[in-house]
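Q: Take this structure first; my questions come after.
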Amino acid sequence: MKPFHSGGPTSLSLARLLIVPLLLSGALLPAGVNADAATATASDMPQSAAAQLAAVQHVDAQQLALSMVATANTGTTAIAPTATATATATATAIKANTVNTTNATTTGASTSNLPTQTTAAPIINASPLTPEQQQLSFPKDFTITQDIVNLSQDRSLFVDRFTGDVYMNDLNTGRNLWSHQYEHIYSYRMLPTSGKLVLIIQHQQQLQKLVLGSKGETLSTFVYPAALLGSLSDKQLSSYQISWSAPLQQGEKERVAIQQKDEVRIYEAPWKKPLRTFKLKAVQNNTSENIHSTHMEYQSDRLVIQYAAGSLMQTDQVFELLNTSSKTYQGQTIEMPWNLQSDFQLENGQAVIYSYNDNEFALGIRGATSYPIYRRYDVATGKLLIEKTRVFAAEQPLWTTDYSNGQLLLMDDQEKRMYLYDKHGKELWQLPQLSDEIRLRLIKYENKLLYVLIETKDRQFKLVKQPLI
């Protein structure tokens with residue numbers, strides 16, 4: 001999940017999202033060409049979608065790519081062909097002893113070498129999409145840094161906690177199925193068995209829990225006692241974090257965690273007083289000039305807090321893993337290298353931390369240095385389960401990472417390549433970077449199709465399906 005952003009008030013002026021096919025302008029390389037270690041074999045990959053793709057017509061990308069352009073201060077749109085023609089993809093071999101190297105520290109590592117293949121992108125649908133199907137409307141302050149949750153039946157959930165916007169999107173058509181806006185979203189959780197969405201929101205100074213159905217309808221509303229928010233010493237949204245834990249196992253109760261400064265309190269029904277209170281050692285023991293929380297996730301007694309610490313124009317990302325099943329503190333503090341940016345997700349009791357550097361002026365980030373781009377921890381024990389590191393060739397390396405649905409996508413800015421890994425750190429694919437003119441988010445990799453959301457410099461949002469076969 002990406003960090004929150006500071007957005008202005010919602011405007012009726014809209015940006016558009018449309019589906020476009022993609023024709024790569026460089027080589028598409030399978031796993032093993034530039035991978036040093038792995039934990040999975042080729043048999044672990046999804047079954048080939050070649051039979052499905054064979055029936056799909058291939059045409060020139062210039063004929064396919066259409067842009068829905070939002071006209072300033074109006075509700076009208078204009079359709080214009082994409083101006084860029086792309087060359088046919090060709091296979092390129094990369095030597096195993098290249099300067100850019102990756103290493104995955106796991107159990108039972110092995111290396112997979114698959115034949116080099118290349119493919120062009122097919123038309124997504126046999127019949128042309130209507131404008132209604134092509135476009136997804138966002139408020140003017142929509143940013144690509146929002147949380148993206150991949151769901152079943154080719155749906156995707158977009159959540160902006162700061163602005164309070166929630167969107168449900170159909171990946172097959174790019175159509176917005178439903179949307180809502182709230183004052184502020186503290187926490188959310190999709191319940192996979194029922195398809196319901198639980199939101200913890202602020203509404204008119206109240207802390208509320210909403211349960212939404214699969215069509216976005218409100219099924220129930222619960223107002224928490226005022227004492228929960230009343231216990232905060234500072235009411236500014238940036239000064240505290242709230243997260244909700246679903247009763248996923250038999251005998252569990254739903255709980256709410258509230259963190260502020262060096263303390264986190266755990267509540268459950270009847271919500272009158274804390275069930276447990278913990279002093280946070282990551283805050284108490286930090287020697288930086290300042291430290292504040294930026295993100296918290298809570299699931300079944302597994303709690304993860306992300307902090308931003310700073311001293312003398314340098315920043316430090318700190319994570320605290322906490323097991324709340326005991327009344328005594330059972331936690332682990334993890335500090336990332338100075339000035340290395342990071343995000344995390346809490347997935348089945350494991351903290352997934354992925355790091356990046358998109359600041360060319362970041363102090364201390366240098367080439368020929370091994371950086372942890374991906375780590376996976378057992379939150380209950382604090383044990384490091386998987387670590388993937390990478391050495392970048394550039395003197396001032398720039399790269400981004402994104403994690404979704406058990407896959408990590410790394411984009412090396414200087415190398416102009418993207419790398420797709422599974423949750424074990426096993427490299428699955430290499431492919432050329434799409435463009436220097438876009439920002440990109442990973443939605444999922446499924447059935448040999450890579451789904452990504454891209455934003456162009458003129459704030460057009462496009463959903464791209466790229467076959468990897």
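The values are calculated or read from the model by the stated rules, or taken from the named source; none is laboratory data. Model, not experiment: these values are computed from the prediction. Quick reminder, even Gly has a Cβ in these numbers, built from the backbone with ideal geometry, and neighbours come from all protein chains shown.
Q: Glu297 versus (1) out of contact with any strand residue (DSSP E or B) (no Cβ under 8 Å at 6 or more places or on another chain); (2) buried (at least 18 other Cβ atoms within 10 Å of the Cβ); (3) charged (D, E, K, R): which is the lone unmet condition?
A: Here Glu297 meets the rest and fails (1).
Q: Further question: Kindly indicate the residue of the stretch 159-169 that is assigned to a strand (DSSP E or B) and in contact with a Leu (Cβ under 9 Å, 6 or more places away or on another chain) and also farthest from Leu450 (Cα to Cα) among those meeting that condition.
A: Filtering the stretch 159-169 for residues that are assigned to a strand (DSSP E or B) and in contact with a Leu (Cβ under 9 Å, 6 or more places away or on another chain), the one farthest from Leu450 (Cα to Cα) comes out as Val166.
Q: Let me ask another. Got at least one residue in the stretch 250-263 being modelled with pLDDT under 95, basic (Lys, Arg) and either more than 22 Å from Ser293 (Cβ to Cβ) or in contact with a Ser or Thr (Cβ under 8 Å, 6 or more places away or on another chain) (or both)?
A: Yes, because at least one residue in the stretch 250-263 is modelled with pLDDT under 95, basic (Lys, Arg) and either more than 22 Å from Ser293 (Cβ to Cβ) or in contact with a Ser or Thr (Cβ under 8 Å, 6 or more places away or on another chain) (or both).
Q: Further, regarding this structure: Those residues that are among the acidic types (Asp, Glu) and more than 22 Å from the chain's Cα centre (by Cα), I need them from the stretch 364-400; list them, please.
A: Glu395
Q: Report whether or not Ile266 is under 25 Å from the mean Cα position of the chain (by Cα) and surrounded by 12 or more Cβ atoms within 10 Å (Cβ to Cβ).
A: Against the criterion (under 25 Å from the mean Cα position of the chain (by Cα) and surrounded by 12 or more Cβ atoms within 10 Å (Cβ to Cβ)), Ile266 does not qualify.
Q: If you go through the stretch 436-469, how many residues are touching a Phe, Trp or Tyr at 6+ places or on another chain (Cβ under 7 Å) and basic (Lys, Arg)?
A: Qualifying residue count, the stretch 436-469: 2.
Q: Then there is this: Residues of the stretch 331-363 being surrounded by 17 or more Cβ atoms within 10 Å (Cβ to Cβ) and over 21 Å from the mean Cα position of the chain (by Cα), which ones?
A: The answer is Gly331, Gln332, Thr333, Ala362.
Q: Within the stretch 377-402, how many residues are over 25 Å from Leu363 (Cα atoms) and surrounded by fewer than 21 Cβ atoms within 10 Å (Cβ to Cβ)?
A: Within the stretch 377-402, residues that are over 25 Å from Leu363 (Cα atoms) and surrounded by fewer than 21 Cβ atoms within 10 Å (Cβ to Cβ) number 8.
Q: Run Asn172 past the list (1) surrounded by 17 or more Cβ atoms within 10 Å (Cβ to Cβ); (2) under 21 Å from the mean Cα position of the chain (by Cα); (3) not in a strand (DSSP E or B); (4) not β-branched (Val, Ile, Thr) and report the number of the one that doesn't hold.
A: All conditions pass for Asn172, except number (1).
Q: What tally of residues in the stretch 330-364 results from selecting those that are in contact with a helix residue (DSSP H, G or I) (Cβ under 7 Å, 6 or more places away or on another chain) and not small (Gly, Ala, Ser)?
A: Result for the stretch 330-364: 1.
Q: Same structure again: For the stretch 358-375, indicate whether the set of residues that are out of contact with any His (no Cβ under 9 Å at 6 or more places or on another chain), charged (D, E, K, R) and at pLDDT 95 or above is non-empty.
A: The answer is yes; a qualifying residue exists.
Q: Looking at (1) within 17 Å of the chain's Cα centre (by Cα); (2) on the phi > 0 side of the Ramachandran plot, find the lone condition where Lys416 falls short.
A: If we test Lys416 against (1) within 17 Å of the chain's Cα centre (by Cα); (2) on the phi > 0 side of the Ramachandran plot, just (1) comes out false.
Q: Confirm whether Asp422 is under 30 Å from Arg155 (Cα atoms), touching a Leu at 6+ places or on another chain (Cβ under 8 Å), among the acidic types (Asp, Glu) and modelled with pLDDT of 95 or more.
A: yes
Q: Within the set of pairs 6 or more residues apart or between chains, which connect a residue that is touching a residue at least 12 places away in the same chain (Cβ under 8 Å) inside the stretch 348-364 to a residue that is assigned to a strand (DSSP E or B) and of a type in the set (Gly, Ala, Ser) with Cβ atoms less than 6 Å apart?
A: Partner pairs satisfying both residue conditions: Ile353/Ser342; Ser355/Ser342.
Q: Right, something else. Would you be able to tell me the number of residues in the stretch 223-243 that are within 25 Å of His292 (Cα to Cα) and surrounded by fewer than 20 Cβ atoms within 10 Å (Cβ to Cβ)?
A: Looking only at that region, the number is 14.
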